[in-house]
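Data block below; observations after.
The values are calculated or read from the model by the stated rules, or taken from the named source; none is laboratory data. Everything quoted here is computed from the prediction, not taken from an experiment. In this analysis, Cβ positions are derived from the backbone assuming ideal geometry, glycine residues included, and neighbour counts consider all displayed protein chains.
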Amino acid sequence: MDKAFTKGLKLLETLARSEKPRGITDLATELNFTKSNVHRVLSTLQAAGYVQQIPSNSTYELTTKLWELGNEVMRRMDLLQVARPAMTKLAAITGETVHLSVLRGTDVIYLDKIESEHHIRAHTSVGMRAPAFTMATGKAMLAHMPDSYLELFVPHLKSYTSTTRTTIEELRADVELARRQGYALVSHGEWREGIAACAAAILGRSGEVVGAIGMSGPDTRVKRKQLQQFSGDVVEAAHTISTVLGYSPRT
């Protein structure tokens, strides 16, 4: 076990339980650390944004960064719990694999899935990452992001299949279409060959993107006509989850 890392965790825990800012000598005495060790670890935590120093008396206290990280975890847990009923219903309607995803940088991460009962199906796994610009769930979420966000993808645009969008202009066109429709379609796999998908974004209380729900299957079975037919069910599933999370469309 890394000793410096362990000391950092102990300092974070001690500051979290403290009702007021703490000084180096005070912390060193309580934790049985040397003052130089405490100062070094606090400096590292401060540089990382977890701790801030009170200039008036040189004591230290936590910032809100730990709370922000914890809030992300709680929101993800809430999303998983809230989304399950809608995912189950969508899987029953479509008979295809249903995914719950979040956007992290230029990737989507699969948080949950309900597998299709068909022998031939889209194979993915929970926790897996995929390039957001190639995925229906990714495009659905990007439709709710500022236009400037798409610039992050410029260095990452490359071909995975014959239908992958490899220019920023093509990506912008797909995202704009998803904005107008309220959902995103990928008729032929842009990350992996032979996968068709439809997805819609899940919004939080303030209208922020918190994830996306989508259905996918082999494009030999799920044609573009089927995707269009299922799009209303996908949008309804996303709306149901968003409503439970506190989202209310502005009038």
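For this structure, a couple of remarks:
- Subset of the range 113-140 [out of contact with any Lys or Arg (no Cβ under 9 Å at 6 or more places or on another chain), of a type in the set (Asp, Glu) and modelled with pLDDT of 80 or more]: none
Conditions tested, residue by residue: (1) within 18 Å of the chain's Cα centre (by Cα); (2) closer than 23 Å to His99 by Cα; (3) of a type in the set (A, V, I, L, M); (4) not assigned by TED's automatic domain parsing to the domain that holds Gly95.
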residue: Met141; (1), (2), (3), (4): yes, yes, yes, no
residue: Ser148; (1), (2), (3), (4): no, no, no, no
residue: Thr164; (1), (2), (3), (4): no, yes, no, no
residue: Glu190; (1), (2), (3), (4): no, yes, no, no
residue: Gly194; (1), (2), (3), (4): no, yes, no, no
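- Of all residues in the range 46-63, exactly one satisfies the criterion of being more than 9 Å from Leu15 (Cβ to Cβ), part of a strand (DSSP E or B) and among the hydrophobic types (A, V, I, L, M, F, W, C), namely Ile54.
- The range 127-143 - residue that is among the small types (Gly, Ala, Ser) and surrounded by fewer than 24 Cβ atoms within 10 Å (Cβ to Cβ) and, of those, nearest to His156 (Cα to Cα): Ala130
- Scanning the range 1-26 for residues that are of a type in the set (Gly, Ala, Ser), in a helix (DSSP H, G or I) and closer than 16 Å to Ser43 by Cβ yields Ala4, Gly8.
- Residue check for Val102: in the same structural domain as Ala196 (by TED's automatic domain parsing), out of contact with any His (no Cβ under 9 Å at 6 or more places or on another chain) and not in a helix (DSSP H, G or I): yes
- Every condition in (1) surrounded by 11 or more Cβ atoms within 10 Å (Cβ to Cβ); (2) over 30 Å from Gly211 (Cα atoms) is met by Leu79 except one, and the failing one is (2).
- Applying the criterion of being small (Gly, Ala, Ser) and at pLDDT 90 or above to the residues of the range 17-45, the residue that is surrounded by the fewest Cβ atoms within 10 Å (Cβ to Cβ) is Ser36.
- Contact annotation: no residue pair with Cβ atoms under 9 Å, 6 or more positions apart or on different chains, pairs a residue in the range 163-181 that is on the phi > 0 side of the Ramachandran plot with a partner that is assigned to a helix (DSSP H, G or I) and exposed (fewer than 13 other Cβ atoms within 10 Å of the Cβ).
- Filter result for Ala201 (at pLDDT 95 or above, farther than 16 Å from Ser216 by Cα and not basic (Lys, Arg)): no
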